[in-house]
Amino acid sequence: MTETQAFVEIGSRSAAELAKKYVALWNEPDAGRRGRTIAELWTEDARHLLQPPQEIRAIAARPGIAITALLEARGYEEIEARAASAYEHWVGSEGLSFRGRDDAERLGDVVKFHWEAVARDGQVVAVGLVFLVCAASGRIERDYTFVVA
């Protein structure tokens, strides 16, 4: 199978399935499964970039604070650490879960979709927008995540 064929096959499972697996990763309690999923979904040198919510960006933009309001993880190890931290804080401590909206779509090598962070009572407490740039293999090269609400 050529890389182009692999991309088409992965692309055909595609936007909806990729979004589903991506969102499921952030709810995964088992570190080993998270690591395997990351290796399956991302390229080895992938980048995950997260734009934090507006209130965090506002704090970072205050005069005298030299902080870039952007969180970046590069490669499997850093993406695994980012996923573990998100799981421990948001799912483990806060009791939230993540779910995708049914809006995943692909345009060329880019997949975009929204996710929601949901409290135990069903209230949506945050919404994110993800743009995934995929390699020819169909795996994620760059992951741009925006917290939009």
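All told, residue 44 falls short of being within 15 Å of residue 134 (Cα to Cα), open to solvent by 50 Å² or more (accessible area, probe 1.4 Å) and modelled with pLDDT under 95. Pull up the stretch 1-41, narrow it to residues that are in a loop (DSSP other than H, G, I, E, B) and over 24 Å from residue 95 (Cβ atoms), then point me to the one that is modelled with the lowest pLDDT. Looking at residues that are in a loop (DSSP other than H, G, I, E, B) and over 24 Å from residue 95 (Cβ atoms), I get 1.
Pairs meeting the criteria (first residue in the stretch 1-26 and closer than 10 Å to residue 138 by Cα and among the small types (Gly, Ala, Ser), second residue in a loop (DSSP other than H, G, I, E, B) and at pLDDT below 95, beta carbons under 7 Å, at least 6 apart or on different chains) are 6/137; 6/138; 11/138.
With the structure loaded, tell me whether residue 147 is open to solvent by less than 20 Å² (accessible area, probe 1.4 Å) and among the hydrophobic types (A, V, I, L, M, F, W, C) or whether it fails that test. No, not satisfied. Condition test on residue 109, is it among the acidic types (Asp, Glu) and either within 15 Å of residue 21 (Cα to Cα) or open to solvent by less than 50 Å² (accessible area, probe 1.4 Å) (or both)? No.
Evaluate the stretch 66-74: report whether one residue or more is free of Cβ contacts under 8 Å to residues at least 12 places away in the same chain, touching a helix residue (DSSP H, G or I) at 6+ places or on another chain (Cβ under 8 Å) and closer than 16 Å to residue 144 by Cβ.
Among the residues of the stretch 66-74, at least one is free of Cβ contacts under 8 Å to residues at least 12 places away in the same chain, touching a helix residue (DSSP H, G or I) at 6+ places or on another chain (Cβ under 8 Å) and closer than 16 Å to residue 144 by Cβ, which makes the answer yes.
The values are calculated or read from the model by the stated rules, or taken from the named source; none is laboratory data. Computed from a predicted structure; not experimentally measured. Because the Cβ atoms are built from the backbone with ideal geometry, glycine has one as well, and the counts that use them run over all protein chains shown. Each accessible area value is taken on the protein alone, full model and side chains, heavy atoms only, with ligands, DNA and RNA left out. Shrake-Rupley method; radii C 1.70, N 1.55, O 1.52, S 1.80 Å.
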